[in-house]
Amino acid sequence: MYEFVTGPLAWLAFGIFFIGVIVRAVNYIRGLDWKLDRVAYGANPSHGARGAIRSIFFWLVPFGTRSWRFYPGMTVLFFIFHFGLIFTPIFLRAHNMLLAERWGFSLPTISDPVADILTIAVMVAGLFLILRRIALPEVRILTTAYDYLLIAIAIAPFLTGFLAFHHVGDYRFWLITHILAGEIMLIAIPFTKLSHFVLFFCSRAQIGMDYGIKRGGLKGKDLAW
Amino acid sequence: MPEGKLCNKTPINTKEELQALLSDKSGKQYYEEMKHLDVDQEKLWGTIQKTLKSRLKTWLEICAHCGLCSDSCFLYLANNKDPKQVPSYKVQSTLGEIVRRKGKVDNDFMHYVMETAWSKCTCCNRCGMYCPFGIDMGIMISYVRGLCFGQGFVPWEMKIGSGMHRVYRAQMDITTEDWVETCEWMAEEYEEDWPGLEIPVDKQNADIIYTVNAREPKHYPEDLAEAAILFHMAGENWTVPSMGWEETSLAMFAGDWEACKLQVESVYDAMKRLNAKKMVVTECGHAYRATVVEGPYWAGLESGQTPIPSFHYVEWLAEALRTGKIKIDPAKKIKEPVTYQDSCNYIRNAGLGDVAREIMSYIAEDFREMEPNREHNFCCGGGGGFNGIGLYREQRNTGLKVKRDQILKTGAKLVVSPCHNCWDAIRDLEEVYKVGIRWSFLKPLIIEMAIVPEHLKPQEEEA
Ligand code: SF4
Ligand code: SF4
């Protein structure tokens with residue numbers, strides 16, 4: 001079983017993930033239409049690029065935009081959650097040992113206690129994101145079961161990995177579940193709203209070009225995000 | 001009854017049809033007929049499949065339902081944070097639902113969509129600046145309006161407005177003769193005080209071609225005279241076109257994209273016909289947005305630019321004040337606290353915030369910013385056609401509360417408002433809430449403050 005989930009199934013999951021996100025990005029770009037979107041992308045590439053980069057950059061900086069500053073609590077949750085989600089699995093010691101064993105190379109790693117803290121942080125942030133959905137009327141009205149499912153898909157690898165690492169209960173069971181949960185997440189990314197993994201950048205770039213070209217950019221005015 | 005006599009899926013294209021609609025007071029029969037109007041589901045779904053591409057489709061799909069856009073919307077705030085006013089909800093429950101049902105929606109549902117599109121959003125685009133994905137619900141709702149228009153579910157005044165553009169190439173029933181006569185009349189009327197004052201019509205090769213909002217010739221012709229006086233004072237070589245003088249677009253508010261194209265092309269034709277160097281438009285926000293910002297796309301101009309460089313009135317004025325073409329008498333500067341209403345359409349959506357501040361620095365001694373301001377300013381409360389729709393008057397009045405409170409916080413009693421929609425909204429908010437404020441366009445203020453060069457003053461008759 002272990003061999004299967006870390007072998008062919010892992011290949012499949014990573015394959016679907018990588019090809020999937022590329023396809024999503026390519027489709028997005030191909031579907032842009034200067035006339036329908038009413039943005040002259042082609043005629044003003046440098047203004048467009050400037051707008052796109054600014055639009056992505058400020059939103060990647062915690063408290064970098066008015067909106068992030070307006071909702072400090074949510075901003076903290078958001079950045080902890082996403083940072084942990086991406087950073088932890090990539091630099092985890094165990095993952096890199098596996099990488100070295102299979103492919104003969106590895107990345108720098110974080111220590112296990114740090115990984116533990118990040119993992120707990122992701123889970124706690126996730127929990128708060130769920131509570132927020134229940135508590136705030138303006139979020140509750142938007143929330144569907146699908147939104148909870150996505151949080152579950154994102155947190156599952158962390159919860160199961162945590163249990164496996166600390167040998168809570170049956171190690172083998174949690175290990176296999178952990179690997180499966182990770183693979184489910186990878187496969188889900190291109191097919192669900194988790195596609196915002198890549199579409200966040202596409203969408204931000206687009207609205208950045210919109211402001212950078214059409215709405216003020218050509219007047220030499222950068223939008224204060 | 002599928003198609004009504006007045007309420008149907010066909011846009012207005014003749015004077016007679018317009019007359020019939022206009023004589024239906026407040027659209028009584030029109031809205032009655034709307035209750036029975038069929039939805040052409042095939043057409044609806046067909047349009048969506050053709051036009052809902054990358055940008056809109058992705059926005060609809062990846063919206064994280066996080067609610068971070070809530071507090072950005074003035075209508076959400078004005079309605080005591082009613083969750084039904086959350087920008088994302090307004091789009092998910094309309095466009096989102098239509099897409100989920102593949103266009104299979106009924107008359108009742110379309111009534112809800114229409115109400116949402118015109119009474120719960122002014123397309124001010126503020127929410128787009130607060131969403132982590134940059135999802136701009138103003139653009140989405142504007143798209144929804146287009147779908148509604150195609151199905152005949154459009155507020156009475158909007159149908160009339162877009163019809164006006166189709167018939168008269170203006171938002172009101174003003175013919176070329178009416179317009180030219182108004183220009184002549186105003187020039188004559190003010191000539192005595194301003195010797196040599198002209199409103200040149202169809203002059204070739206002028207530096208400036210000046211265009212207006214139809215409300216000016218129709219209801220406030222003095223505005224036209226004031227523009228002429230300031231051009232005269234600044235020594236500009238300017239003209240107005242006999243045709244293609246109207247920059248506004250109720251068609252844009254109505255979602256009638258075909259009429260939008262017809263309208264802006266009439267202005268672009270004038271630009272080319274008269275071979276002017278640049279175009280300046282009056283103190284109107286959506287006129288600038290429609291003709292300068294969006295118009296080139298409707299007209300299929302790949303550059304995204306108008307045929308000649310085009311400027312909002314505040315840009316022309318800032319330049320005139322900067323270069324000394326118009327000089328302000330320091331003794332006549334505005335002494336009392338004064339604030340400035342940033343119009344969404346040319347501040348947020350065209351980047352002219354600094355220009356407005358520059359003007360205020362020349363004319364006001366105690367300028368007070370609203371909070372928030374510039375591109376983050378709230379909609380006046382009457383944008384996107386909201387001011388003009390009788391059916392939603394109450395919702396509009398509620399929406400004005402945010403602007404009222406913003407103005408009151410500044411402590412200023414005078415609001416400079418170089419945009420017709422904002423100007424109206426502020427006038428109405430004073431009428432409804434009686435808070436004791438005044439409001440003004442820039443032109444009359446500047447004329448009061450300017451130093452008139454000796455040679456432009458009327459010569460005293462030798463006794
Ligand atoms: S802020 Fe953006 S992603 Fe969040 S609910 Fe609003 S539109 Fe959706
Ligand atoms: S565009 Fe303006 S009015 Fe419409 S939902 Fe967004 S913030 Fe509200």
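The values are calculated or read from the model by the stated rules, or taken from the named source; none is laboratory data. Values in this document were obtained by computation on a predicted structure and should not be read as measured data. Positions of Cβ are generated from backbone atoms using ideal geometry, with glycine treated the same way; all protein chains shown enter the neighbour counts. Please note that ligands, DNA and RNA were not included when accessible areas were found on the heavy atoms of the full protein model with its side chains. Shrake-Rupley method; radii C 1.70, N 1.55, O 1.52, S 1.80 Å.
For this structure, a couple of remarks:
- Residue match in segment A:5-21 (condition: in a helix (DSSP H, G or I) and farther than 25 Å from A:H95 by Cβ): no
- Restricted to segment B:271-348, the set of strands (runs of 3 or more DSSP E) holding at least 1 residues that are under 23 Å from B:E222 (Cα atoms) and free of Cβ contacts under 8 Å to residues at least 40 places away in the same chain comprises B:310-312.
- Pairs where the first residue, in segment A:181-204, is open to solvent by 10 Å² or more (accessible area, probe 1.4 Å) and the second is among the charged types (D, E, K, R), C-beta under 6 Å, 6+ apart: A:V198/A:R24
- Residue match in segment B:42-55 (condition: within 10 Å of chain A (Cβ to nearest Cβ), in a helix (DSSP H, G or I) and within 16 Å of ligand 1 (Cβ to nearest atom)): yes
- For segment A:40-70, residues that are within 16 Å of ligand 2 (Cβ to nearest atom) and either open to solvent by 20 Å² or more (accessible area, probe 1.4 Å) or at pLDDT below 95 (or both) total 2.
- Just so you know, in segment B:58-74 the residues that are part of a helix (DSSP H, G or I) and within 14 Å of ligand 1 (Cβ to nearest atom) include one that is most open to solvent (accessible area, probe 1.4 Å), and it is B:E61.
- Condition met for A:D170 (more than 23 Å from the chain's Cα centre (by Cα) and either under 22 Å from A:M123 (Cα atoms) or more than 12 Å from chain B (Cβ to nearest Cβ) (or both)): yes
- Matching entry among A:F4, A:F105, A:F58, A:F17 (being out of contact with any strand residue (DSSP E or B) (no Cβ under 7 Å at 6 or more places or on another chain), touching a residue at least 24 places away in the same chain (Cβ under 8 Å) and either among the polar types (S, T, N, Q) or more than 14 Å from chain B (Cβ to nearest Cβ) (or both)): A:F17
- Selection status of B:K43, surrounded by 12 or more Cβ atoms within 10 Å (Cβ to Cβ) and closer than 24 Å to B:F109 by Cβ: yes
- So B:I407, is it under 18 Å from B:K335 (Cα atoms) and either open to solvent by 20 Å² or more (accessible area, probe 1.4 Å) or without any contact (Cβ under 8 Å) to a residue 60 or more places away in the chain (or both): no
- Checking B:V180, B:V201 one by one, the residue that is open to solvent by 40 Å² or more (accessible area, probe 1.4 Å) and either within 16 Å of ligand 1 (Cβ to nearest atom) or modelled with pLDDT of 95 or more (or both) is B:V201 and no other.
- Within segment A:108-139, if we keep just the residues that are over 22 Å from the mean Cα position of the chain (by Cα) and within 14 Å of another protein chain (Cβ to nearest Cβ), the residue that is most open to solvent (accessible area, probe 1.4 Å) turns out to be A:I134.
- Subset of segment A:97-113 that is in contact with a Phe, Trp or Tyr (Cβ under 9 Å, 6 or more places away or on another chain) and part of a helix (DSSP H, G or I) - its residue that is modelled with the lowest pLDDT: A:L99
- Number of residues in segment B:347-370 that are open to solvent by less than 20 Å² (accessible area, probe 1.4 Å) and under 16 Å from B:I426 (Cβ atoms) equals 3.
- Residues that are among the aromatic types (F, W, Y), farther than 26 Å from A:M123 by Cβ and part of a helix (DSSP H, G or I), drawn from segment A:31-69: A:W34, A:F57, A:F58
Residue-by-condition table, conditions (1) hydrophobic (A, V, I, L, M, F, W, C); (2) closer than 19 Å to B:Y168 by Cβ; (3) in a loop (DSSP other than H, G, I, E, B):
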residue: B:Y190; (1), (2), (3): no, no, no
residue: B:G196; (1), (2), (3): no, no, yes
residue: B:Q204; (1), (2), (3): no, no, yes
residue: B:K218; (1), (2), (3): no, yes, no
residue: B:A225; (1), (2), (3): yes, no, no
residue: B:I229; (1), (2), (3): yes, no, no
residue: B:M233; (1), (2), (3): yes, no, no
residue: B:T239; (1), (2), (3): no, no, no
residue: B:Y268; (1), (2), (3): no, yes, no
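- Screening B:F149 against (1) more than 11 Å from ligand 2 (Cβ to nearest atom); (2) without any contact (Cβ under 8 Å) to a residue 60 or more places away in the chain leaves a single unmet condition, (2).
- Residue in segment B:371-404 that is nearest to ligand 1 (Cβ to nearest atom), counting only those that are closer than 20 Å to B:L352 by Cα and surrounded by fewer than 22 Cβ atoms within 10 Å (Cβ to Cβ): B:H376
- Selection within segment B:75-129: residues that are of a type in the set (S, T, Y) and free of Cβ contacts under 8 Å to residues at least 60 places away in the same chain. The member of this set that is nearest to ligand 1 (Cβ to nearest atom) is B:S88.
- Among the residues of segment B:327-341, some residue qualifies, meaning at least one is more than 14 Å from chain A (Cβ to nearest Cβ) and within 16 Å of ligand 2 (Cβ to nearest atom).
- Residue match in segment A:81-95 (condition: within 22 Å of B:R126 (Cα to Cα) and either within 14 Å of another protein chain (Cβ to nearest Cβ) or not in a helix (DSSP H, G or I) (or both)): no
- Residue in segment B:8-21 that is open to solvent by less than 50 Å² (accessible area, probe 1.4 Å) and at pLDDT below 95 present: no
- Once segment B:85-130 is narrowed to residues that are of a type in the set (G, A, S) and near ligand 2 (Cβ under 10 Å from one of its atoms), the residue that is surrounded by the most Cβ atoms within 10 Å (Cβ to Cβ) is B:A117.
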